[in-house]
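Chemist: My questions all concern the structure below.
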Amino acid sequence: MTRITPLSQPYPEPIAATLGRMTPAGGEAPMLFRIIGTSQRAWDKFAAGSLLDKGPLPMRERELTIFRTAARICADYEWGMHCALYAERCGIDDTQLNALAKLKADDGGWSEADAALIATVDALIDDRHLSDAQHARMAAHFTPEQQLEIVQLVGFYQGVALIVGAFDIEPEPGTPHIPV
């Protein structure tokens, strides 16, 4: 049971349209959004900084960033949601998901760009800093705009994990957990 009573339908304006797009027929919008939506200010800040729009990273690289971040910080809610919604669409297979879940993600058959991306996420989580060599490795594969997106995604999903943990939001029903 969450620590804040979530919104239920009918959702209040002005977030009704947004939550409605995320609501399966006959169901409810994801619990995370229904909790955040209880505060218009929190919702506005979340939506403004959420990076839910189409950004400069291709969808696959975006999801690799999110999966690796979720695995490294034990963010089961986000892992499950992104597995259910995006893994297959992005061509991220079970072998790669299992590799992303491990401390050393070496078993995914990664391209040089993928390996650089995963190493960047790891460095940001471990050190909150990139060395010159780590940045050069990332910059060899990603534009400055994409580099900013990677860093922002890592930070944003750490914030999401704080919200999920603080308000005891359980993973959505039927979503997978981070492999052990």
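Chemist: What part of the accessible area of the chain, given as a whole %, is carbon or sulfur when the probe is 1.4 angstrom? Provide the component values of the computation, followed by the final result.
Modeler: Numbers: 5340 of 9610 Å².
It is 56 percent, rounded to a whole number.
Chemist: At 1.567 mPa s and 4 °C, plugging the Kirkwood radius over alpha-carbon pairs of the chain into Stokes-Einstein gives what diffusion coefficient in µm²/s? Provide the component values of the computation, followed by the final result.
Modeler: On the way: Rh = 17.1 Å.
For the chosen part, D equals 76 µm²/s.
Chemist: Would you mind getting the accessible area per residue of segment 1-122, heavy atoms of the protein chains only, 1.4 Å probe, in Å²?
Modeler: For segment 1-122, the solvent-accessible area averages 51 Å² per residue.
Chemist: Follow-up. In cubic angstrom, how much convex hull volume per residue do the alpha carbon atoms of segment 114-157 span? Don't jump to the answer; show the numbers that get you there.
Modeler: Details: hull volume 2.7 nm³, N = 44.
Given the Cα convex hull of segment 114-157, per-residue volume reads 61 Å³.
Chemist: If I take all pairs of Cα atoms in segment 25-82, what percentage of them are more than 18 Å from each other?
Modeler: Working: 811 of 1653 pairs.
For segment 25-82, the fraction of Cα-Cα distances above 18 Å is 49 percent.
Chemist: Based on the inverse mean of 1/r over its pairs of different Cα atoms, what is the Kirkwood hydrodynamic radius of segment 73-180, in Å? Intermediate results must be reported in sequence, preceding the final value.
Modeler: Working: mean 1/r = 0.0671 Å⁻¹.
The Cα-based Kirkwood calculation yields 14.9 Å.
Chemist: For the chain, what does -39500 (n - 2.57) per DSSP helix run (n ≥ 4), summed and divided by total residues, give at 222 nm, in deg cm²/dmol to the nearest 500? Could the numbers behind the result be given before it?
Modeler: Working: 9 runs with 98 residues, N = 180.
Computed mean residue ellipticity for the chain: -16500 deg cm²/dmol.
Chemist: With helices defined as uninterrupted DSSP H runs, which ones in the chain have an alpha carbon span along their own long axis of at least 27 Å and mean Kyte-Doolittle hydropathy of at least -0.5? Kindly include the intermediate steps, with their values, before the conclusion.
Modeler: On the way: long enough: 144-166 (33 Å, 0.80).
Qualifying helices: 144-166.
The values are calculated or read from the model by the stated rules, or taken from the named source; none is laboratory data. Just so it is clear, the structure is predicted and the values come from calculations on it, not from any experiment. Areas reflect the complete protein model, heavy atoms only, side chains present, ligands, DNA and RNA absent. Shrake-Rupley method; radii C 1.70, N 1.55, O 1.52, S 1.80 Å.
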